[in-house]
Amino acid sequence: MADNEKIKVSIDGIPVEVDPGTTILNAARKIGGDIVPPAMCYYSKLEGSGGKCRTCLVKVSKGSEKDPRPMPKLVASCRTTVMDGMEVQNITSNEVIEARKGVVEMLLINHPLDCPICDQAGECHLQDLGFEHGAVSTRYEFERRTFDKIDIGDKIQLHMTRCILCYRCVFTADQLTNQRVHGILGRGDAAEISTYIEKAIDNDFSGNVIDVCPVGALTDRTFRFKNRVWFTKPVEAHRDCPTCSGKVTLWYKGEEVLRVTARKDQYGEVEEFICNTCRFEKKHTADWAIEGPRAVAHTSVISSNHYENLKPLQVIKENPTLKEANKYQFERSVRL
Amino acid sequence: MARKLLLEHINVPQINTLAVYREKGGYRAVEKAIKNMSPEDVVEEVKKSGLRGRGGAGFPTGMKWSFLAKPEGVPRYLVCNADESEPGTFKDRYLMTHIPHALIEGMIVSSYALGAKTSYIYVRGEMMPQIRILERAIEEAKAAGFLGKNILGSGYDLELYVQPGGGAYICGEETALLESLEGKRGNPRIKPPFPAIAGLYNCPTVVNNVESIAAVVPILNIGAEEYAKIGIERSTGTKLISASGNINKPGVYEIELGVPVEEFIYSDEYCGGIANGKRLKAVVAGGSSVPILPANLILKTAKGDNRLMTYESLADGGFATGTMLGSGGFVVFDEDQCIVRNTWNFTRFYHHESCGQCSPCREGTGWMEKVLHRLEHGHGNLSDMDLLVDVSKKIEGNTICPLGDAAAWPVASAIRHFRDEFEWHVTHGEESQTGNYGLAHYADPLEPVI
């Protein structure tokens with residue numbers, strides 16, 4: 001696309017040029033850093049995902065160059081496309097921060113908070129979200145909903161109690177597999193992910209639902225309770241796989257490969273989906289051509305000890321451009 | 001006697017049959033529209049009439065129609081939203097049961113105006129008798145040549161279908177209705193795109209309430225100017241109000257918009273006053289989702305003017321001291337009713353009906369219900385009121401569809417206006433299980449009847 005067709009938007013005062021049709025979230029990701037809204041349900045590789053968790057709400061303080069009126073409500077940045085001249089406030093709007101805090105609280109009220117016994121701990125998006133945007137304690141004083149664990153085939157386990165109903169696995173099953181055997185039963189807070197009468201997903205790519213799950217609701221039965229993720233070393237490897245790209249991350253403990261996952265980027269999204277053979281059956285170093293250590297975000301608990309880190313993020317709250325552009329809001333929040 | 005347009009012939013025996021309906025002037029609007037008017041003329045006429053959507057939001061119907069995208073070679077649809085399930089609202093069911101042809105005629109005229117060749121009436125699943133009545137009416141209309149191919153020799157074709165829903169409140173939200181109509185799970189879609197651009201089967205679609213569509217018939221019959229003369233300011237025409245609660249004459253009333261609320265509650269033409277000589281405590285003016293108002297604020301606005309049954313007057317004062325006309329579900333509470341119990345009951349409904357798609361509504365409605373349950377049963381804390389207000393604020397405006405707002409408003413308004421009653425439930429836990437807080441300072445400003 002020609003340069004003159006790019007449209008200009010600003011997010012928290014930082015200008016960026018993007019192609020028409022880009023969502024606010026992706027425009028923010030283009031800038032990177034602290035101003036990227038968190039996303040629990042949006043997954044750039046899954047068509048139709050997003051809009052449900054409401055953690056990525058942002059304030060559009062100027063609609064566009066043509067129609068500068070602000071949008072009346074906060075909008076889900078993952079599903080709202082940018083307009084030319086749009087001005088978006090994310091971390092500089094107290095309204096957004098308040099609303100996000102509310103959403104985090106809502107997401108956590110029916111979550112068991114069983115992180116000490118959860119396999120996802122350490123790479124859980126909900127943990128990160130709660131840490132960055134949540135309140136210290138909950139005001140919810142009632143019983144939380146619970147479900148029995150369900151085995152989806154012999155490799156995947158579904159523990160609905162932890163689910164935040166982001167629908168990512170539903171979209172994955174819909175878009176990667178041919179049969180529609182994965183969906184939602186029930187309504188409201190009684191809704192549950194189901195494979196309909198616990199019918200196993202019989203598909204080469206079904207294991208990807210584990211990778212897309214932002215919490216520990218869908219876990220790898222070949223890895224469950226084997227180790228904490230921060231004690232394992234992520235190593236990039238590939239193999240010549242007839243069904244998928246074969247590009248994976250191996251998670252080592254000593255000499256042993258404990259699990260195989262797809263490679264995840266800094267937003268926790270997989271780069272390429274991998275097949276079940278690679279994921280569940282190739283657990284020997286001999287099966288793989290090792291590329292080197294996997295870069296992990298420096299903020300991640302997995303990187304705490306060693307290993308190569310991703311570069312520190314460019315835009316942080318101390319960024320001078322951000323500070324200058326939002327002087328008024330920052331001063332105001334200090335005053336408040 | 002107020003002018004009646006929709007329910008004029010409600011008491012005529014056999015008005016549900018085509019023969020009697022035609023005898024009383026039925027299907028004149030179809031003949032007039034199809035023979036003498038272009039579709040644009042009909043849209044223009046509806047615009048001029050000032051008709052506003054009768055389903056709750058009050059969006060001008062003519063304007064909604066003019067937003068419909070008209071790309072070449074793509075079908076357009078008209079869908080009638082008969083998924084009436086708001087607690088307190090039962091006007092559409094009444095209309096469909098007794099004068100089904102009013103809806104069918106409206107559907108034909110409206111479909112003609114929009115250029116829709118296929119139209120649907122999406123009826124709530126619980127209303128099986130009404131579905132049968134409508135299906136029979138469609139058969140009759142088809143036999144008389146008002147539906148099907150080449151209507152009245154004009155070359156205009158229209159197929160009209162009745163689709164039963166599954167009985168979910170959420171399917172009354174227009175995009176959830178379309179999902180359900182397509183045979184999918186009734187989850188609201190994320191807007192934009194709006195149905196006027198990409199609706200049913202991704203084609204431009206208009207979704208209208210039963211009463212809005214039925215009102216198109218009298219607009220064509222008496223003319224837009226005449227229709228616009230009824231009512232006050234931007235609230236034109238007549239409106240069906242479903243009156244229920246502690247009143248002497250519950251039922252569906254057709255009012256000319258602009259009737260004072262006091263007259264509506266106390267005059268013998270309408271509700272006939274509070275039952276058993278009790279006094280008015282509170283009113284939910286437009287179905288369970290609109291803010292509840294205490295007696296002093298429903299009869300007079302905060303400025304001291306008489307409150308009228310119009311979109312503007314009821315909304316006067318915003319949500320601080322006002323409410324909404326909504327879908328016209330007028331629920332009256334007398335001094336013996338418990339506002340806490342009522343709020344809990346409404347919230348229980350929204351908790352049950354939340355679709356579970358987006359987190360604030362899914363988790364928040366359940367949370368509010370549990371807190372209100374605790375309050376109602378005398379185990380609450382004084383901090384619960386602030387908690388409820390805060391939770392309702394976190395839901396309101398942050399959800400995909402308006403169900404979140406609808407769940408938040410009744411709670412926020414009940415606490416805003418009846419906070420001392422909530423506090424009394426905490427401080428007088430045991431007493432509140434048997435007794436009642438009564439009227440307190442929001443007593444109805446009128447003289448007691450006895």
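The values are calculated or read from the model by the stated rules, or taken from the named source; none is laboratory data. All values derive from a computational prediction rather than experimental measurement. Neighbour counts run over all protein chains shown; Cβ positions are idealised from the backbone, glycine included. Heavy atoms of the whole protein, side chains included, go into the accessibility calculation; ligands, DNA and RNA do not. Shrake-Rupley method; radii C 1.70, N 1.55, O 1.52, S 1.80 Å.
List of remarks:
- Qualifying residue in region B:137-160 (condition: outside the structural domain of residue B:327 (by TED's automatic domain parsing), among the aliphatic types (A, V, I, L, M), closer than 28 Å to residue A:186 by Cβ and touching a residue at least 12 places away in the same chain (Cβ under 8 Å)): no
- Residue B:254 open to solvent by less than 40 Å² (accessible area, probe 1.4 Å) and touching a residue at least 12 places away in the same chain (Cβ under 8 Å): yes
- Cβ pairs under 9 Å, 6+ apart, first in region B:206-231 and among the basic types (Lys, Arg), second modelled with pLDDT under 95: B:229/B:236
- Counted residues, region A:269-290 - those being assigned to a strand (DSSP E or B) and surrounded by 15 or more Cβ atoms within 10 Å (Cβ to Cβ): 1
- Each residue in region A:117-150 was checked for being of a type in the set (A, V, I, L, M), within 13 Å of chain B (Cβ to nearest Cβ) and open to solvent by 60 Å² or more (accessible area, probe 1.4 Å), and 1 of them qualify.
- Counted residues, region B:79-134 - those being of a type in the set (Gly, Ala, Ser) and in contact with a Lys or Arg (Cβ under 6 Å, 6 or more places away or on another chain): 3
- Region B:314-413 holds helices (runs of 4 or more DSSP H) entirely within its bounds, and those carrying 1 or more residues that are modelled with pLDDT under 90 and surrounded by fewer than 23 Cβ atoms within 10 Å (Cβ to Cβ) map to B:318-321.
- Contact map, region B:99-126: residues that are closer than 16 Å to residue B:162 by Cβ paired with residues that are assigned to a strand (DSSP E or B) and of a type in the set (Asp, Glu), Cβ distance under 6 Å, separation 6+ or inter-chain. Pairs shown: B:118/B:159.
- Region A:95-116, residues that are open to solvent by 20 Å² or more (accessible area, probe 1.4 Å) and either within 13 Å of another protein chain (Cβ to nearest Cβ) or touching a residue at least 24 places away in the same chain (Cβ under 8 Å) (or both): A:95, A:97, A:98, A:101, A:105, A:108, A:112, A:114
- For region B:14-31, residues that are basic (Lys, Arg) and in a loop (DSSP other than H, G, I, E, B) total 1.
- Pairs linking a residue in region A:217-239 that is farther than 21 Å from residue A:273 by Cα to a residue that is at pLDDT below 90 and open to solvent by 40 Å² or more (accessible area, probe 1.4 Å), with Cβ atoms under 6 Å and 6 or more positions apart or on different chains, are A:227/A:253; A:230/A:301; A:232/A:253.
- Leading residue by the ranking (least open to solvent (accessible area, probe 1.4 Å)) among those in region A:81-94 that are closer than 19 Å to residue A:51 by Cβ and outside any loop (DSSP other than H, G, I, E, B): A:88
- Just one of the numbered conditions (1) outside the structural domain of residue A:162 (by TED's automatic domain parsing); (2) surrounded by fewer than 21 Cβ atoms within 10 Å (Cβ to Cβ); (3) over 14 Å from the mean Cα position of the chain (by Cα) is not true of residue A:44: (3).
- Restricting attention to region B:362-383, the residues that are within 10 Å of chain A (Cβ to nearest Cβ) and touching a residue at least 12 places away in the same chain (Cβ under 8 Å) total 8.
- Any hit, region A:41-51, residues being in contact with a Gly (Cβ under 7 Å, 6 or more places away or on another chain) and in contact (Cβ under 8 Å) with a residue 24 or more places away in the chain: yes
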